[in-house]
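The values are calculated or read from the model by the stated rules, or taken from the named source; none is laboratory data. All values reported here derive from a predicted model rather than from experimental measurement. In this analysis, Cβ positions are derived from the backbone assuming ideal geometry, glycine residues included, and neighbour counts consider all displayed protein chains.
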Amino acid sequence: MKTKLSLFGLLLVGFVISITVIQSAAAEDARVKMGLVALWTFDKGTVGAKEVEDILGKNSGTITGKPSQIDGFRSEALDFDGVVDLVRMGEDIFFPSVTMEAIINPTLGTRNPIYDKYNYGIQLLDSNNVGIWIRADTANAAKHWPSAYVPFPTDGEWHHVVGVVENKKSVRIYLDGELKKTTPAPDPISIAYGAAHKPTIAYTQHLGGIWYAGGIDEVAIFEGALSDAEVKRLHTQALAIEPTGKLAVTWGALKTLN
């Protein structure tokens, strides 16, 4: 009986420590001060059979299909099959100005939606251009889809992608920390156009459904339009062996404890 109680006590203490460590890590992450509202690392401790945890604890996603867990750019990542695999969030995320971040290693030659809210997102086209787009709230059909795309490297390596929507001003695409293209977007994102859709990773409902093929790691969403300097900081942090925010270090320590 004492052995069972002791084991239960250790498990309880371990659980409390785990929760405290995770909450502390989220609070310490430098990106929180930059407006970070959701982060899916796809690390081993955050992915279940049917659920992907949001490290900030606010918007876990439901898995459809069986994306494989692989070695990512940082710890683990998910590899999507381009046929049925996707992650759909349980809660909506919408901001007039928004920043989307991901580290990706896609299968080139096909259209690859990375993060999609239906009325805005980041993706690759089948021309191997990566970019950001929005559905603008305007009656002028010719101005419905402001976007900014640039060629994606064909080296087969992981690359850091950031898309920024600055409300009523522009959309911007960054590759490996560098601003690559800016397109004017004087009309805001159409809220009504995506009202019924929850955000997805590796999938868009446009054109009857399109799925992403390849690896995705470290998807993050920020409230607000990050500046050039802030995006450079994101890239520096992504490359860091021990990130300043300590999320990866904390998760590593947590895995050791468990």
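Things worth noting here:
- Residue match in the range 121-133 (condition: among the aromatic types (F, W, Y) and touching a residue at least 60 places away in the same chain (Cβ under 8 Å)): no
- Pairs where the first residue, in the range 99-118, is at positive phi and the second is in a strand (DSSP E or B), C-beta under 8 Å, 6+ apart: Y118/T204
- Checked against (1) within 16 Å of the chain's Cα centre (by Cα); (2) at pLDDT 95 or above; (3) at negative phi, G224 meets all criteria but (3).
- Of all the criteria given as (1) under 21 Å from G109 (Cα atoms); (2) part of a loop (DSSP other than H, G, I, E, B), the one not satisfied by T138 is (1).
- Only one entry in T64, T99 is among the polar types (S, T, N, Q) and touching a Phe, Trp or Tyr at 6+ places or on another chain (Cβ under 6 Å), namely T99.
- Test: residue in the range 90-100 that is among the aromatic types (F, W, Y) and surrounded by fewer than 19 Cβ atoms within 10 Å (Cβ to Cβ): yes
- Residues located in the range 47-66, provided they are under 12 Å from M89 (Cα atoms) and surrounded by 16 or more Cβ atoms within 10 Å (Cβ to Cβ): V52, E53, D54, N59, S60, G61, I63, T64
- Filtered residue count, the range 35-51, keeping only those that are farther than 25 Å from E230 by Cβ and not in a helix (DSSP H, G or I): 5
- Every residue from the range 74-87 that is modelled with pLDDT of 95 or more and touching a Gly at 6+ places or on another chain (Cβ under 8 Å): A77, L78, D79, F80, D81, G82, V83, V84, D85, L86, V87
- Condition met for I103 (in a strand (DSSP E or B) and closer than 17 Å to A185 by Cα): no
- Of all residues in the range 160-178 being outside any strand (DSSP E or B) and under 18 Å from the mean Cα position of the chain (by Cα), the one that is farthest from E223 (Cα to Cα): D176
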